[in-house]
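In what follows, a structure is listed as structure tokens, so that the remarks can point back to it.
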Amino acid sequence: ISRKGSALVKEIHEKQSMNKSRQRFWELAGSKLGDILGVEKTAEQIDEDTAAVGEQGEVDFKEDAKFSKHLEKGEAVSDFAKSKTLAQQRQYLPIYSVRYELLQVIRENQVIVVVGETGSGKTTQLTQYLHEDGYTTNGIIGCTQPRRVAAMSVAKRVSEEMETELGNKVGYAIRFEDVTGPNTIIKYMTDGVLLRETLKDPDLDKYRVIVMDEAHERSLSTDVLFGILKNVVAQRRDFKLIVTSATLNAEKFSNFFGSVPIFYIPGRTFPVSILYSKTLCEDYVEATVKQAMTVHITSPPGDILIFMTGQDEIEATCHALADRMEQLISSTKKVVPKLSILPMYSQLPADLQAKIFQKAEDGARKCIVATNIAETSLTVDGILYVIDTGYGKMKIYNPKMGMDALQVFPISRAAADQRAGRAGRTGPGTCYRLYTESAYINEMLPSPVPEIQRTHLGNVVLLLKSLKIENLLDFDFMDPPPQDNILNSMYQLWVLGTLNNVGSLTALGWEMVEFPLDPPLAKMLLIGKQFKCIIEVLTIVSMLSVPSVFFRPKDRAEESDAAREKFFVPGSDHLTLLNIYRQWKANQYRGNWCNEHFLDVKGLRKAREVRSQLLDILHTLEIPLTSCEHDENTVRKAICSAYFYNAARLKGVGEYVNCRNGMPCHLHPSSALYGLGYTPDYVVYHELTLTTKEYMQCVTAVEPQWLAEFGPMFFSVKDSDMSLLQHKKRQEEEKTSMEEEMDDLRKLQTKAERES
Ligand code: CDP
Ligand code: MG
């Protein structure tokens, strides 16, 4: 491809070849998804699908006179938006034309479903309408978002529209970050935050209305909230629930709440012509770059939106595009129109994210390269061209590895249509699909699989248990997760000592629920009590709760690697993180110090914030802050007690196998254990990520007897020679006996219920 991006793109190619066929994906994930979904379609189904699509060829065909007029005048709509005040812009949104009727329906019903195209004003306007209609006189309005970025950016926009400071009347809350105050009446938050709030306040008394936004995304927390909010609706007559959705699933949501009304916001979209790739595209990064350049050189003004799967690919694409532009400029004598290349993904710093909403300088064409975050959560005006790779990243629970993995996966037809629709918001657009029409019709699933059916449920089980929902199989799920997943997650919680033999929360479990952390991290923190090293594990857990703090610019890779090595604590990445935090503190938390040592100051500051919030919870629970100072073994033991589930045994140089299931896992070259001169026989790791190989992230060497001590259900010192097969058998036996116990309990319960 190009000089700059080539190494990255090469790595991506390797990844892509893994994802090429869906078949291979099922093998990789070793997942039961295929069975759950009935991936094998019947012939009739395919025919039906084909018929539906054959006639269309184009996505939705509705025009709006008001907008067309502006276009005829040659005024691009984004210019039009810029020339109007925010208040005027509000009145041009499709939802404005139905404001009165909508508020009427809300007054008359306790629950309604609102359906409207992306960009019609659901997220930014609904909350304001409710406020204007008096719903904030006795209570506040909450609006949930599946994505953190959306919660933040929308809250900012609404605070601007209401001419109030962010955090005052309008605020947002995401995990570890609460930008609300005593005056807040409109609160945007992630669905996870609201879910946690139900723990403290099951009736959600402070909320007068909850808008469950983007419900079609079917995120894990949204799905659990559905069941919980259904209860709140039954308990509180004064409470209103509004579920908003892109066209997908509206009926299903309405039925779940007892056939509640569905309110449709009239669409205002322009036709989008869809062009398919003629052949299977071998390399979608390369194909995308070519397509984008072609559009830029040959097509009339209008911005481009590209859908890629993740940060690495986005960066590679942006590099490649910049290179092509450079080449073009140096090889032609003519003036080349300007192209403003803008990446967009959730980990991107906020100031760079904001750029996608701004107008490009000197009339340049914007080219936004985004993850599926731009599918529905964010609306950018002025997009006329969409390039769709047909892939996206999805978190999938891989039972074989016993972990969630973010994997590249072909998108669904519904998602593909949603992506195409992005091109038709401000004028007639074009969508280039880098896959064949036959792949669209025959290979893509009709709609995405709800997260609840494809992820690990550890956290959800813990939450529901603490809400005193004893039998999870009876919980009112819209689409129940596979029973195996629930049992698997319960088993893991049992192993951690969170659930007892009859599936109820233990004392440790009750304490763990207080922390907004994944179960193993919460366990690591709390075990610090026993080992008298709370301060040390607190810092490690905080560092693990933020994205990597290492800064590794591509052009200074060696220098930054050398800087990182200076922090290494032999045998432990966890202790290395602790060391970094301690040194940062010793240097008065200075930003310059971070820059000198190739550390990301924002990441470290975030860790410090997380740490102070966790500290607050520890204070509330009256847990004494103990420290073991520099006794490394004690801290390593605490780590081991939380992560023995992720124990691995040395097999070759840098090569390990998971002790429980024999899955291969590798030391990452950036680990403190890499190039130690020796490699420890046993390690535990924080998580496994699947890129070119299965890499263990954040590794610590442990003693085998610790594994036997903390994980007696898996390991014992005596039979350390026991074959993997025997281990597995034993594990199965343990698991079956636990399931039997739980089964017995369930039977007893049912019997007791029947008798009463
Ligand atoms: O939720 P829905 O997709 O129906 O629409 P919305 O997010 O409320 O967006 C309504 C309008 O506000 C669109 O024209 C967006 O471009 C604009 N908006 C914005 O300019 N900046 C944001 N951060 C969010 C929305
Ligand atoms: Mg929205």
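Below, the figures for the structure above:
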{"read-out": "The stretch 438-514 - convex hull of alpha carbons, volume per residue in Å³", "value": "106"}
{"read-out": "Anisotropy class of the stretch 93-159 from Cα gyration tensor, a/c 1.5 cut", "value": "oblate"}
{"read-out": "For the stretch 257-321 versus the stretch 83-124, the gap between their alpha-carbon centres in whole angstrom", "value": "27"}
{"read-out": "Rounded to whole Å, sorted largest first: equivalent-ellipsoid semi-axes of the stretch 285-334, Cα gyration tensor", "value": "20, 14, 8"}
{"read-out": "Alpha carbon centroid spacing (whole Å) that separates the stretch 170-203 from the stretch 463-490", "value": "24"}
{"read-out": "FRET efficiency for D205 and H630, using Cβ-Cβ distance with R0 set to 60 Å, rounded to 0.05", "value": "0.80"}
{"read-out": "C-alpha center-to-center spacing [the stretch 517-586, the stretch 132-164] in angstrom", "value": "35"}
{"read-out": "Interchain or long-range residues, amide H under 5 Å from C665's placed H", "value": "Y656, V657, N658"}
{"read-out": "Mean shadow area of the stretch 348-460 over all directions, Cα convex hull, nm²", "value": "9.2"}
{"read-out": "Pair A354, R237: separation of 7 Å Cα→Cβ label points (nm)", "value": "4.7"}
{"read-out": "For I140, distant residues with modelled amide H under 5 Å away", "value": "Y207, R208, V209"}
{"read-out": "Alpha-carbon radius of gyration plus Dmax, which is the widest Cα pair, for the stretch 154-232 in Å", "value": "12.8, 36"}
{"read-out": "Sequence-separation-based contact order of the stretch 154-195, relative, with Cα cut under 8 Å and 6+ spacing, percent", "value": "34"}
{"read-out": "Nitroxide proxy distance, nm - points 7 Å out along Cα→Cβ at K554 and T85", "value": "4.6"}
{"read-out": "Radius of gyration and maximum dimension Dmax of the stretch 422-466, Cα, Å", "value": "18.5, 51"}
{"read-out": "R0 of 41 Å, Cβ-Cβ distance K252-E655: FRET efficiency to nearest 0.05", "value": "0.30"}
{"read-out": "Extension gain, L328 back to W593 (0.36 nm per residue minus Cα-Cα distance, nm)", "value": "91.3 nm"}
{"read-out": "Distance (nanometres) between label positions extended 7 Å along Cα→Cβ at Y678 and V105", "value": "7.1"}
{"read-out": "Cα Rg over Rh - the stretch 428-576, Kirkwood", "value": "1.13"}
{"read-out": "Surrounding net charge for S377, when Lys and Arg each add one and Asp and Glu each subtract one, Cβ distance under 11 Å", "value": "-2"}
{"read-out": "Cα gyration tensor category, rounded, prolate or oblate, for the stretch 136-270 with a/c compared to 1.5", "value": "oblate"}
{"read-out": "Coarse-grained scattering of the stretch 562-700 at q = 0.10, 0.11, 0.12, 0.18 Å⁻¹, given as base-10 log I(q)/I(0) from a Debye sum over alpha-carbon atoms", "value": "-0.40, -0.48, -0.57, -1.14"}
{"read-out": "Residues in the stretch 525-548 that a label on A507 would reach, taking backbone N under 15 Å of a point 7 Å out along Cα→Cβ", "value": "526-531"}
{"read-out": "Across K355/K566; K334/K366; K156/K529; K122/K523; K84/K393, pairs whose alpha-carbon gap is larger than 30 Å", "value": "K355/K566; K156/K529; K122/K523; K84/K393"}
{"read-out": "Range of Cα positions in the stretch 200-273 per principal axis (Å), largest first", "value": "50, 24, 22"}
{"read-out": "Residue-count net charge about F226 - beta-carbon cut-off 12 Å; Lys, Arg +1, Asp, Glu -1", "value": "-1"}
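Here, each number is a calculation from the coordinates, and none is a lab measurement. Since the model is a prediction, treat every value here as computed from it, not as a measurement. All Cβ positions, even for glycine, are placed from backbone atoms using ideal geometry, and neighbour counts span all protein chains on display.
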